[in-house]
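The values are calculated or read from the model by the stated rules, or taken from the named source; none is laboratory data. Computed from a predicted structure; not experimentally measured. Cβ placement follows ideal geometry from the backbone for every residue including glycine, while neighbour counts extend to all protein chains displayed. When the accessible area is computed, the model is the full protein with side chains, heavy atoms only, and any ligands, DNA or RNA have been set aside. Shrake-Rupley method; radii C 1.70, N 1.55, O 1.52, S 1.80 Å.
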Amino acid sequence: MKRTANKKELKSSKKHKSIKDDTKLESTEKEIALDEEVDVFSDEDFIEQPNFENERQTVVGDSKFRPPTAEEMLMLKDTMQLYKSSLFRFQIEELLKEVQFDFPKMIESTLHEVKSTLDSIESVSECSLADIISSLGVSDIKIPFPEPKPSTHNQLKFSFIKPSKIFIVGGYLLKSNVKSKNEEKNIDVAIQMPENLFQEKDYLNHRYFYKRSVYLAVVAREFNKNSNKLSLKAEFQYFNGDELRPILILRGSKDNSLKDISKTNTIIRILPLLPENVFNLKKLSPNKSCIRYTENDTLNNKEENNNRCSTPRYNTSILQDMGFVSHLNYLHVNQKKCQAFRETVILAKVWLKQRGYGTNGDFNSFIFSMCMAWLLNSGPNGAERRLMSTYSSFQLFKLTMEFLGNHDFEASPLFLTKNGCPISDTDFSKANFSLYDVAIVDPSGRINLAGHLSTSQILEFQESAKQTVRFLNDKNDDKFDLIFLKKVNVLHLEFDQLIKIDTETCKPPAFIPPYSLDYSSSTQFTASLIPKKLTAGLGTRLLQCSVRNSIHKKSWALDATPKMHSTFYVGLKIDQENSLRGVEYGPSAEKIKDVKAFKELWESKSELRRFKDGSIIESVVFENDGTFEGRSMTVSKMAIHLITLHCGIAARDIIIWSGAQFFPFLSLPGKSDVLLPNKSFKSVMDVFNSFQKKLKNYTTLPLNISTVQPCSPGLRYTSIFYPQPDNGNQMEIVKLDEALEVNLEFESSARWPDDFDAIQEMKLAFYLHLGKTITDDWEGSKATVSVNDRTQFNNTIQFIGRSILTERFLDVKSPEGYTFRCRIKYEREELLLEQLINPLPSIKQASTFGIATAKQTLQIYKHLFKLTPYYSYQIQQFCLRNPCLSFTIRLFKRWLSSHLFLNCQIPEIVPELLCCRAFMEDNVWSKPSSVFSGFIRVLHLITNFDWENVPCILEFEDFDNNSGINVDTIVEGFKGIRSNSSEKGGIGGGFFFIASMADPKCSIWEKGMGNNFDIVSRLITISKACLKHVNSWFENAEASDFAKMFLPATNFIDIKVNLNKSLIPKYYENFFYKKTFAPKKKITFKNLSNSTEGKLDKMEYLKYVDPVEVFFDEIRTANFIGDESKIFSMFYDFCGGDYFGLKLNKKFRNEVQEERKDFDFKVNLGFSSIPAAKKEMKGNKILPKVYLNFEGILAEIKKLGDDLVEGFEYL
């Protein structure tokens, strides 16, 4: 059925639409073709995802059990042979339905009038340049001459004769246009300029392009004169970014008349063309120079003319105007031959547009169509054809992508001739076509279809093509949305570093004749020069360099000149490992040619150096301070140096986004007032490794220590700030001494008691013995055993609660000043706790634990001794493999903390896992290799991942088949948890369901955290706002303000509990730190310290305990404060924040803000209340009403906080 329908459609397409009047458009079969070269794409996301769920399914009685019909069997067979899967076929068919469209009938009548207008243009007799400029100037038409504009002394004569042929080209006739959201649809009308307008040597010195511009200006004058009659507005635009070939754009005038085509979002493009063979083709071969240049603009210097450079790009622009019709015929013949050709072209257009190709002279659907048509007829180097006419659109698309992605264009031009080889004419040999960066030679063997493509553009396209083929070959997942529906062309998501070059004029030193003759402007020359210099200079640091220049996408008015203000965006994809290298090694002194090239590239920066291995080579050194921050800026420094040196662009006109702008947000605001020697994790990791070795080497313990597991963010490279040692009494400002948590596991033994309470006492004995052993062996160290310590605060306590497991530990302070908090892990504790929860009748339980306490303690055990060590190890290893991941995690946590999420609404491990997912996500973009791309990619993950319906699975390691846990079991478990919780009105597993092999049920969310829709929606809203803010830097050219992304909005908070800054020991981390308010030590003179011997001053106490965190925990665990089911949600910036935010629960809010919400009085309301004045009658009974005792609750908070609370602020 499908094939029959397509054949009918193909037959109907042969009866192409023509304008039915006495004088018809010439649209003979010879001239009908698919003109993809003229399809200009924009960067907007244009595809609305097809609705795959609205297909009608008719099931009558038991008809769903009937055997398949012969037609259905044939379709199934075709699907198996021609498509990846039945689902993929269904998706492709739905996509094609969604993106195809028919133009309204009013377009045809408009085309009639356009044709009539073109036929009615009066001839213009030969006249001078001055005369034609004056004549058109009267009508407010500025001729769109290319650079260099003709001299006023030019003797060239200009005339006009109406077009010899007018015909419609492109997708309008062949129905290959695609629907675009918020984008204009093109209808291309080609006008063939009469041959007698041109002389034999008009191909020289821009003469043809001057005459072409005049011809187009005369046409524009006619449309401008009849603009009201036609309801059309004419403008100029560059054709495919080629500044030598402007075209005319006809848009609806928006006068709301019946003829106004602006309502259809359609434009008509007028394309001037040349007849075939109007010029001698040999004169336009790639090795010929068609621009005669001398210093005095004369041709008298014979020697200079003989040494002039070839102009392949210039020659190609003329040849492409001459070969337009033959290319259309070639495509039309193949479209008739292959049933799926048109559908494949539509798929290619969708794919190209989502990746931003075809917008500015880069790889477009016309080149793709020509290559696919050639593969249907022959193969490279005379091989058999690659494609068969019976192939499906899926097969045609995949095999064409595979061929284009793997062909080595740099080494070998691609000839689309019958035998895949160059023609016998030596002027069009393979060597001559090697003068182009990229050569895809048309079937005639003379015209390079990719003459304006640069090496960087084709490499970028090939990388995308290879990735698409990998997606298509993936048997586990069809990845249809990533191939066709995902918008890929987003600068800040696509590249690791971005460079914006904004300058009025950019004139590189190398842009001088004769080398500049082949480029129509310095802008075009610079766009091709930047990737070459950066690729040569950055070497292995650079994976891909792309230049985006938006100047050619815009049209301009008939009485104006094109805006030449240049804005480049240079996108860099870098290699993480090599990018941190500060030295670029050049050739040895013996290689004279290589040394000369290296010195020309780097100039004064290049030095001859002797290295430790004895080699003496040229090298370039970019100094840094040895930190990650310093080393990560190496690529940026090198790029700026090369651009300013070779492109004639001042450093003030360059803006770079590399992640360096984020570094200040991880620098302590009060670092100058607090002694902070560490600028990396190296110091603390060295001390920890030494501590770990000592513990494992102790033989005097009853049991040897087998495992030392780091569990603190500071030991897995993810703490927001670098861990700092205790500075003693060297500074005036108080600094909190934060402990680094470590789990210890002893070798197995049967001597452990079989009672949970007894095990805790055994652990305490081990702590005492181990502490004494460490202090005796490790000179300068201190050990302290804590029992029932409720002043210490960590993530497990915050989100699960306290127990004997959290309140007993051993603190070891190293001689360097780092404190390690050690807890002992014993695996049998988990089993004993489970037995307490589900006791067996035959076993008598001696523990004093109740079931509720046992459940909470079991949760704490799993977090402390199973999940935290597992994730700590995996994240630590992942950070070592991805150098910028550590900084990305720290930055994202700082961002969360600044917006009052971290540790009060979101556990600290969650953002770390989200960042890991962003770095391992199988996406259309390569893995982030900079802090900038990493941070933006995490925000994108939060806002775009389908959290409600899809689990976020972290595959740190391959799933163990013996454990029975794999991706499928996690997905099934996720669906079960979500369905059960939806019946209860919640979100099972937390909104961010993050699972792994060690935690398939996502138990990192506890106590209802992660289920608050208001909190989740606020996080997503802020993430979207930040992404929108970043996007404005590129789309609207707004100034980049990174600090704006970290400023919290307080409009969602009802009450601010202002804190006493002088009692906040981490105040030096506050964004708005001021030394005046910082907590300071009171004892200044040493001779006064004896009076307080044995006692801790209140300020000295702040070194060991953070009263803010303890206070926050006390309020959170109190009856009147908690999650959504209680009264308030609490917010706080744990990086030295100076206020708590309280948000009233929905059930206590009143739609009328001035009035309090009342409740029926009953016993055990669950919150503090006061009587209300009004009462309600129910029958003969009076029902008393109560209000929330708001003032009483705040008074209790003030009482708990004492001096810590300065006051309340109502928002």
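What does the accessible area of Val967 come to, in Å² to the nearest 10, when a probe of 1.4 Å is used?
It works out to around 50 Å².
Short version: what are the Cα gyration tensor semi-axes of the range 100-275, square root of 5 times each eigenvalue, largest first, in whole Å?
30, 17, 15
Taking the alpha-carbon centroid of each part, what is the distance from the range 344-368 to the range 564-598 in angstrom?
Measuring centre to centre over Cα atoms gives 31 Å.
Which value, in debye to the nearest 20, describes the size of the charge dipole of the range 285-488 about its Cα centre when Lys and Arg Cβ atoms bear +1, Asp and Glu Cβ atoms bear -1, and nothing else is charged?
Taking the Cα centre of the range 285-488 as origin, the dipole is about 660 debye.
Might you work out the accessible area of His153 for me, using a 1.4 Å probe with all protein chains in place, and round it to the nearest 10 Å²?
150
Keeping all protein chains in position, work out how much accessible area Ile965 exposes to a 1.4 Å probe, and write it in Å² to the nearest 10.
So the heavy atoms of Ile965 present about 40 Å² to solvent.
Mind listing which GluC sites (Glu not before Pro) in the range 213-244 are in a DSSP loop and have 10 or fewer other Cβ atoms within 10 Å?
For GluC sites (Glu not before Pro) across the range 213-244 that sit outside H, G, I, E and B with at most 10 neighbouring Cβ atoms in 10 Å, the list is empty.
Would you pull out the residues with amide H under 5 Å of Ile656's amide H, same chain only if 5 or more places away, H placed 1.01 Å from N?
So Ile656 has HN proximity to Lys500.
Which of the residue pairs Lys229/Lys254; Lys181/Lys263; Lys181/Lys1044; Lys233/Lys263; Lys1080/Lys1103 have a Cα-Cα distance greater than 20 Å in the structure shown?
Among Lys229/Lys254; Lys181/Lys263; Lys181/Lys1044; Lys233/Lys263; Lys1080/Lys1103, the Cα-Cα distance tops 20 Å for Lys181/Lys1044.
Run the quick spin-label model on Thr390 and Lys1147: label points 7 Å from Cα toward the beta carbon, then report their separation in nm to one decimal.
For the pair Thr390/Lys1147, the computed spacing is 6.9 nm.
Would you please state the base-10 log of I(q)/I(0) at q = 0.09, 0.10, 0.17, 0.23 1/Å for the range 335-465, with intensities from the Debye formula using one equal scatterer on every alpha carbon?
So the normalised log intensities work out to -0.24, -0.29, -0.87, -1.50.
Hey, what do the phi angles of the range 1054-1063 turn into as Karplus ³J(HN,Hα) couplings, whole Hz, using 6.51/-1.76/1.60 and θ = phi - 60°, x for Gly and Pro?
8, 9, 9, 9, 6, 10, 6, 4, 6, 10
Tell me, what ³J(HN,Hα) does each residue in the range 336-342 have, in order and in whole Hz, if you take phi through Karplus 6.51 cos²θ - 1.76 cosθ + 1.60 with θ = phi - 60° and put x for Gly and Pro?
6, 6, 10, 4, 8, 4, 5
Can you give the convex hull volume per residue for the Cα atoms of the range 394-496, as a whole number of Å³?
Once divided by residue count, the hull of the range 394-496 is 126 Å³.
Could you pull out which residues in the range 470-493 have an amide N less than 16 Å from a spot 7 Å beyond the Cα of Ser85, following the Cα-Cβ vector?
The answer is 470-484.
Running Debye on the range 441-534 with equal point scatterers at the Cα sites and no solvent, what base-10 log of I(q)/I(0) appears at q = 0.22, 0.24 Å⁻¹?
-1.20, -1.28
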